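See below for the structure under consideration.
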Amino acid sequence: MATSTLPERATGDLAPDEYLRYSRHLILPEIGVDGQRALRRARVLLVGAGGLGSPAALYLAAAGVGTLGLVDFDHVDVTNLQRQVLHGTRDIGRHKLDSARDRLRDINPGVHVEGFPVRLSADNAREIANGFDLILDGTDNFATRYLVNDLCVLQGVPNVYGSIFRFDGQASVFATRDGPCYRCLYREPPPAGLVPACAEGGVLGVLPGLVGTIQATEAIKLITGAGTPLIGRLLLVDALHWRQRVVRLRRDPFCPACGTREIRDLSDAEQLCAVKPIDDVDAVFGAVPEIEPATLHARLRSGDALDILDVREPHEWAIASLDGALRIPLAALESRLDELSRDHEIVVHCKGGGRSAQAVRRLRAAGFKRVWNLAGGIKRWSEDVDPSVPTY
Amino acid sequence: MPTISLPSVLTPLASGEHTLSASGSTVGQAIDDISRRFPALSPRLRDENGEPYPFVTIYLNDEDIRFIGGFNAPVQPTDELSVVPAVAGG
C-alpha cells in the first residue's frame, strides 16, 4: 500500500475480532492490514457534530479510526434531525456530544471518543487540537472556518474541508505541507449579512450526507496513504441539477496564512477573520430603523395605518405569514415598487430580519421615507406576539 | 459565446437559469453583460467599484481567474466561467 503522510505512532496488532470486523477493508490492497492499523492509530478531530460532522463521524468510527475528537457546544434541537443523523428524536435536548458518543459506541465500541463541549476559540483551539493528526472542518460559520484553517496551517495539520449551503457543496483538503489553504481560496470572509446562513437560506438534508462522507473518504485516504487526496483541488457539487466538477486550487504566495505567514498566532487570525459585527455592517450599508414586534402589534391594534411588506420567497409564505401582508420577494422588489404606497408607513419583514434589512435599505434608496424593519422577523413575531404562527 | 455557470443560491437572481450565455472577450466583459441583464445578480459578483470580491472566486474553465489576469483574462467562445461563492454551512 501507499505510505501515509501522517506521523507514525506505536503499532499494535489487530485483535482477532477486528480482522473480521474490518475484513472488507483488509482485502482491499489499497488499505490492507497496514492501512487498518494506521486507521486504528489515527486521531481525528471533528469540529462540529452537526450536518457534516454526523456522517463523517459515523463512517470514521465504522472504519476503525482509533480516536475521534468531537468539538461541539450545542444541544440537539428538533430542527437538527432533518440532516444531523448522529442524533435521534429521543436525543432532543441532550448535549450533542452525549448523543454522539452513544451512537458511535454502538457502531464501533473499539473507537475512543474524546468530547470537547465548548465553542472552538483562539484561546482553546491549540490545546484541543494538540495530538490530533488531522482536523475535519464541519463548522457552520465563517469565523470558525477561518480559525480552523489558521490553526491547521500553524500546527501543520491537514484540514479536511467541507461546506454546504442549500443545494451546493464544496470539499477539499487544505493545509498540507505543499498544498493551498482555505485562505488561498477565499482570502477573507464576506461581511455579516451578505451571505445568508443555512437557518435562513435552508439546506437539503441529504447534502451534508454527501459532503460529510466525502470528507470521511479524504480523511481515510490521508491516514492510509491510499489514492489521491483532494489536495490542490476543489470538489463542487450542485445536488439540485446534479452538476459536479473538480477545479484546480493554487497555493497563493500572498496568502496571509500559508504564503507570507503574517498570521502568526490565532488571536491575530481571529481578528483578521472575525465576522464583522452588525455595527460595521450598518457603517457599510447604512443603519436600518427597526420596530419591535410588540410595538408593531400595539400600533396595529390601535388602528394605525401601516402597510406590512413580506419579502420572503413564495414557498415560505405557505409555512407562516402575517395577515394582510403584501408579498414581494426581495429579488423582485425593485420591479414592483409601484405596488407600494409612498404615503404610508411600511414595515418590512422576512424570517429573521436579514433580507428585510436589505429591503429597507433599497426602499429608502428609492425614496421611501417611512420604512421600518421588523426586528427578528416573523420568528420574533411568533415568539413575542402570536405563538400560533409557526416558526421554521 | 462563453457560458457562466451559477450556483443554485444565485439562480433566483437570474430568472432561475443556472447557466447563462454571455457576450464579451474578457471575463470582466462577460460579467458586465450578465450584470446588465440581471441587475440583482451584479452585487453578488463584484463590489461597487467593479472589482472581484475576496469571498467569491470565479473560475475560467478550471483556473482561478486571479492567477490568469483577473477580470482582464481573455475568454474564448467555448469557455466556461463558474461563480463559486464562499459558503459556510455545516
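The values are calculated or read from the model by the stated rules, or taken from the named source; none is laboratory data. Just so it is clear, the model here is predicted, and its values are computed rather than measured. Using ideal geometry, Cβ is built from the backbone for each residue, glycine included, and neighbour counts are taken over all protein chains shown.
Among the residues that make up the range B:73-85, is at least one of them outside any loop (DSSP other than H, G, I, E, B) and away from every other protein chain (no Cβ under 13 Å)? Yes, there is a match, as at least one residue in the range B:73-85 is outside any loop (DSSP other than H, G, I, E, B) and away from every other protein chain (no Cβ under 13 Å).
Exactly one residue among A:S321, A:S341, A:S302, A:S335 is crowded, with 16+ Cβ neighbours inside 10 Å, of a type in the set (S, T, Y) and assigned by TED's automatic domain parsing to the domain that holds A:K379, and that residue is A:S321. Restricting A:G162, A:G138, A:G156, A:G179 to those that are surrounded by fewer than 21 Cβ atoms within 10 Å (Cβ to Cβ) and either in the same structural domain as A:Q84 (by TED's automatic domain parsing) or in contact (Cβ under 8 Å) with a residue 40 or more places away in the chain (or both) reduces the list to A:G156. The residues on offer are B:G70, B:G89, B:G50, and the sole one that is under 23 Å from A:L235 (Cα atoms), more than 12 Å from chain A (Cβ to nearest Cβ) and of a type in the set (G, A, S) is B:G70. Considering (1) in contact (Cβ under 8 Å) with a residue 24 or more places away in the chain; (2) under 30 Å from A:P253 (Cα atoms), the lone condition that B:I34 does not fulfil carries the number (2). In the range A:32-149, counting only strands (runs of 3 or more DSSP E) that sit wholly within it, the ones holding 3 or more residues that are within 14 Å of another protein chain (Cβ to nearest Cβ) and either out of contact with any Asp or Glu (no Cβ under 8 Å at 6 or more places or on another chain) or modelled with pLDDT under 95 (or both) span A:134-137.
Restricting A:L337, A:L322 to those that are over 21 Å from B:L13 (Cβ atoms), in contact (Cβ under 8 Å) with a residue 12 or more places away in the chain and in contact with a Phe, Trp or Tyr (Cβ under 9 Å, 6 or more places away or on another chain) reduces the list to A:L322.
Going through (1) at pLDDT 90 or above; (2) surrounded by fewer than 16 Cβ atoms within 10 Å (Cβ to Cβ) one by one, A:D280 falls short only on (1).
Here the range A:180-222 is the region considered, the condition is being within 29 Å of A:R43 (Cβ to Cβ), part of a loop (DSSP other than H, G, I, E, B) and facing chain B (nearest Cβ under 8 Å), and the residue that is modelled with the lowest pLDDT is A:P189.
Out of the range B:16-54, which residues are surrounded by 17 or more Cβ atoms within 10 Å (Cβ to Cβ), in contact with a Ser or Thr (Cβ under 6 Å, 6 or more places away or on another chain) and among the small types (G, A, S)? Answer for the range B:16-54, where residues must be surrounded by 17 or more Cβ atoms within 10 Å (Cβ to Cβ), in contact with a Ser or Thr (Cβ under 6 Å, 6 or more places away or on another chain) and among the small types (G, A, S): B:S35, B:S42.
Rundown of residues vs (1) over 13 Å from the mean Cα position of the chain (by Cα); (2) more than 30 Å from A:A357 (Cβ to Cβ); (3) not β-branched (V, I, T), yes/no style:
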residue	(1), (2), (3)
A:L120	yes, no, yes
A:L136	no, yes, yes
A:T139	no, no, no
A:Q155	yes, yes, yes
A:N159	yes, yes, yes
A:F165	no, no, yes
A:D168	no, no, yes
A:R177	yes, yes, yes
A:C184	yes, yes, yes
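Does the range B:35-42 include one or more residues that are within 21 Å of A:E334 (Cβ to Cβ) and facing chain A (nearest Cβ under 8 Å)? Checking the range B:35-42: at least one residue is within 21 Å of A:E334 (Cβ to Cβ) and facing chain A (nearest Cβ under 8 Å).
May I ask you to verify whether B:L60 is within 20 Å of A:L236 (Cα to Cα), touching a helix residue (DSSP H, G or I) at 6+ places or on another chain (Cβ under 7 Å) and more than 9 Å from every other protein chain (Cβ to nearest Cβ)? Spelling it out, B:L60 is indeed within 20 Å of A:L236 (Cα to Cα), touching a helix residue (DSSP H, G or I) at 6+ places or on another chain (Cβ under 7 Å) and more than 9 Å from every other protein chain (Cβ to nearest Cβ). In the range A:229-257, the residues that are on the phi < 0 side of the Ramachandran plot and within 8 Å of chain B (Cβ to nearest Cβ) never reach a residue that is among the basic types (K, R) and in a loop (DSSP other than H, G, I, E, B) with C-beta atoms less than 6 angstrom apart, at least six apart or across chains.
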